[in-house]
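To keep things clear, I will list the structure first and then write my remarks on it.
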Amino acid sequence: MKLILIQEVTGLGAPGDVVEVKDGYGRNFLLPRSLATPWTKGGQKQVDAIRKARGSREIATLEQAQALKAALESSTVRLAAHAGASGRLFGAVTTAHVADAVSAAGGPELDRRKIELGEPIKSVGRHQVSVRLHPEVAASVALEVVAG
């Protein structure tokens, strides 16, 4: 099955890429979650529009991504969350919370879809969060969750 990716899918491609996947994966996972649309002959215009929008949002060069990576990895981001007496959070820290905390700490505006949590953050303490800045550059951000 030939599809056009609308959002980035880890291990498959970036928005605007035309990919060939197995029928079940496309029909049962990618299409229902609006991660891709079926490829058609007129879909090339859609691909161009997605790539243009992606180009304006992404970090342009590898050097900029490396500089941003160094800045993110050298600092610790502090995030206040509601927690019980045992240090367990009411709910979990989401990628949107992390993006807001990074920008509040004076860092760059990050797209929440570029942030990867290894496992759900449900307790106070120090955690590591991965941020994909560029297809070749990923930064590891130190996140300190405190009761607030």
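Would you order Ser74, Ser140 from fewest to most other beta-carbon atoms within 10 Å of each residue's own beta-carbon? Can you show the working numbers first?
On the way: Ser74 8, Ser140 12.
Ordered by Cβ neighbours within 10 Å, fewest first: Ser74, Ser140.
Give the longest segment of the chain that steers clear of GluC sites (Glu not before Pro) in DSSP loops with at most 11 neighbouring Cβ atoms within 10 Å, not counting the sites themselves. Each step should come with its number before you reach the end.
Numbers: sites that count: Glu109, Glu136.
Free of exposed loop sites, the longest segment is 1-108.
Please get the size of the charge dipole for the chain, origin at its Cα centre, with Cβ charges of +1 on Lys and Arg and -1 on Asp and Glu, quoted in debye to the nearest 20. The partial results should precede the final answer.
Working: 19 positive and 15 negative charges, 90 e Å.
My answer is approximately 440 debye.
Tilt of helix 43-57 relative to the longest C-alpha principal axis of the chain, in degrees (0 to 90, nearest 10)?
Between helix and principal axis, roughly 30 degrees.
Using all alpha carbons of the stretch 24-148, what is the percent of pairwise distances in each 10 Å bin, ordered from the shortest bin to the longest?
12, 34, 28, 21, 6, 1
Tell me the relative contact order for the stretch 62-147 as a rounded percent, counting alpha carbon contacts under 8 Å between residues six or more apart. Could the numbers behind the result be given before it?
On the way: 153 pairs, mean separation 33.2, N = 86.
39 percent.
At a Cα cut-off below 22 Å, give the lysines reachable from Lys22, other chains included and same-chain residues fewer than 8 away excluded.
Reachable lysines: Lys2, Lys41.
Quick note: the coordinates plus some simple rules give every number you see, no bench work behind them. This one's a predicted model, so the numbers in the text were calculated from it and none came from an experiment. Ideal geometry is used to build each Cβ from the backbone, glycine not excepted, and the neighbour counts take in all protein chains shown.
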